[in-house]
1. Determine the share of the stretch 313-415's accessible area contributed by carbon and sulfur atoms, expressed in whole percent, with a 1.4 angstrom probe.
2. Return the FRET efficiency for the residue pair residue 247, residue 402: r is the Cβ-Cβ distance, R0 is 41 Å, and the value is rounded to the nearest 0.05.
3. Given the peptides 233-244, 281-292, 169-180, arrange them by the average over their residues of other C-beta atoms within 10 Å, most packed first.
4. Please label the shape of the stretch 1-86 as rounded, prolate or oblate, based on the square roots a ≥ b ≥ c of the eigenvalues of the alpha-carbon gyration tensor (a/c under 1.5 means rounded; beyond that, a/b larger than b/c means prolate, else oblate).
5. Picking from 274, 24, 247, whose Cα lies most toward the positive end of the charge dipole for the chain (charges on Cβ: Lys, Arg +1; Asp, Glu -1)?
6. What number, in nm² with one decimal, is the all-direction average of the projected area of the convex hull of the alpha-carbon atoms of the stretch 201-273?
7. Put a dot 7 Å past each Cα toward the Cβ at residue 91 and residue 144; how far apart are the dots in nm?
8. What residues from the stretch 208-249 fall in the zone where the backbone N is under 14 Å from a label point 7 Å along the Cα-to-C-beta line of residue 272?
Amino acid sequence: MATPLPALVPVAQLSAGDTAWMISATTLVLLMSLPGLALFYAGMVRRKNVLGTLAQVLAIAALVSLLWFAIGYSLAFGPGDGWIGDWRHPWMASLRVDKPQGLASVHPLMPSVPEAVFAMFQLSFAVITPALIVGAVAERMRFAALLWFSALWSLGVYAPLAHWVWSPEGWLAQRGALDFAGGTVVHLNAGVAGLVAAWWLGPRQGWGREALTPSHLGQTMTGAALLWVGWIGFNAGSAGAADARAAMAMLATQLAGAAGALGWMGAEWTLRRTPTLLGLCSGVVAGLVAVTPASGFVGPGNAVLIGAVAGLAGLWGATGLKRLLGVDDSLDVFGVHGIGGLVGALLTGVLAEPLVGGVSGSLAAQATAAGATLLYSGVATAFLLWLVDALVGLRLTPDQERLGLDLAQHGERID
């Protein structure tokens with residue numbers, strides 16, 4: 001059965017509390033991208049690539065926002081079938097406000113807030129997902145190519161997956177897949193795409209032979225802190241209301257981030273005798289990633305367990321697995337987001353608590369969703385990279401890469 005069209009309802013029927021919370025949550029999620037993710041990545045690249053990395057995240061945020069307005073929202077959340085929404089309501093045509101009549105449209109997935117708030121909240125997710133891929137191709141992808149790829153990927157990969165998992169008619173939702181706030185749709189999806197893109201581009205010059213030293217880990221820590229704070233909106237906002245489930249998701253998010261940080265730190269301290277700031281920041285993100293699909297389905301104890309496991313798995317993904325694969329995933333997008341998203345998706349099937357989320361998890365359903373995400377995202381990303389490479393070329397020239405993104409692509413530098 002198709003998802004019903006957004007309906008006009010009396011404004012008095014809307015919840016002021018839910019609306020206020022969802023506006024706040026949306027603001028927090030946007031904070032994750034700008035400036036959170038931008039600073040997080042910029043601090044990890046070399047000095048000659050800082051401005052270029054910041055420009056990439058900012059430009060993707062602007063580009064995807066307008067694409068979401070044009071057609072992305074309709075493809076992801078419009079009525080359709082199990083595979084995709086529809087093309088009948090571009091330019092957010094379903095979104096309406098009739099002030100004289102006291103009416104506003106609402107989406108059936110979030111009926112207590114104006115549809116404009118629902119669309120904006122989902123826009124913030126659509127923005128950060130392709131921006132995450134920037135970390136995998138850092139320091140070597142042409143700016144124009146990245147924009148073309150991000151545009152096509154947003155519409156051709158992100159929007160369909162969002163429909164499969166989050167639309168009630170989506171084929172993965174119909175099979176019982178649980179993803180409260182984006183473990184598969186956002187993190188596993190972006191992680192797999194980042195791995196494929198890093199492999200396609202090849203390693204940076206000097207990778208594995210010389211130290212590619214981060215420019216400013218203090219900046220990275222600032223970005224990680226902004227991501228952690230913003231993640232409250234990411235997960236608790238996915239409840240769609242200011243209610244007890246949102247409160248539990250908020251608590252689960254905080255605890256998982258803390259457990260991820262200490263898990264990564266403890267393992268690093270044991271193995272290398274040195275706990276690093278970068279490891280703490282990475283562990284925070286790994287824990288937050290893993291609890292994302294489970295945040296509305298688990299209590300505090302299981303949230304801590306998920307975060308701790310993700311901290312250990314993320315360290316392995318960013319070190320042992322990375323060496324095994326031999327792929328220069330520059331800022332460990334797959335190691336942290338891909339592995340964390342996979343861990344979280346599978347553990348949701350095992351640890352979901354009916355008293356919290358009202359449903360029981362299914363490991364088989366979670367494995368199906370994860371497998372479908374891995375396969376579709378990997379194949380579709382490879383096709384889009386091939387297409388963009390054929391059209392405009394993906395990689396900087398060797399001379400441009402030595403010069404750095406800042407001067408080679410933008411004519412700017414940090415003095």
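The values are calculated or read from the model by the stated rules, or taken from the named source; none is laboratory data. The structure displayed is predicted, hence computed values, not measured ones. Note that we place each Cβ from the backbone using ideal geometry, even for glycine, and neighbour counts take in every protein chain shown. Ligands, DNA and RNA are excluded from the accessible area calculation, which covers all protein heavy atoms including side chains. Shrake-Rupley method; radii C 1.70, N 1.55, O 1.52, S 1.80 Å.
1. On the way: 2980 of 4650 Å².
Taking all protein chains in place, the stretch 313-415 shows 64 percent carbon and sulfur surface.
2. Details: r = 52 Å, r/R0 = 1.26.
E(calc), rounded to 0.05, equals 0.20.
3. Working: 233-244: 23.1, 281-292: 32.8, 169-180: 21.5.
Final packing ranking: 281-292, 233-244, 169-180.
4. On the way: a/c = 3.58, a/b = 1.76, b/c = 2.03.
Oblate, because a/c is 1.5 or more while a/b does not exceed b/c.
5. In the chain, that residue is 274.
6. Details: hull surface 30.8 nm².
If I average the Cα hull's projected area over directions, I get 7.7 nm².
7. Taking the two extended label points, one gets 2.9 nm.
8. Label zone hits: 211-214, 217.
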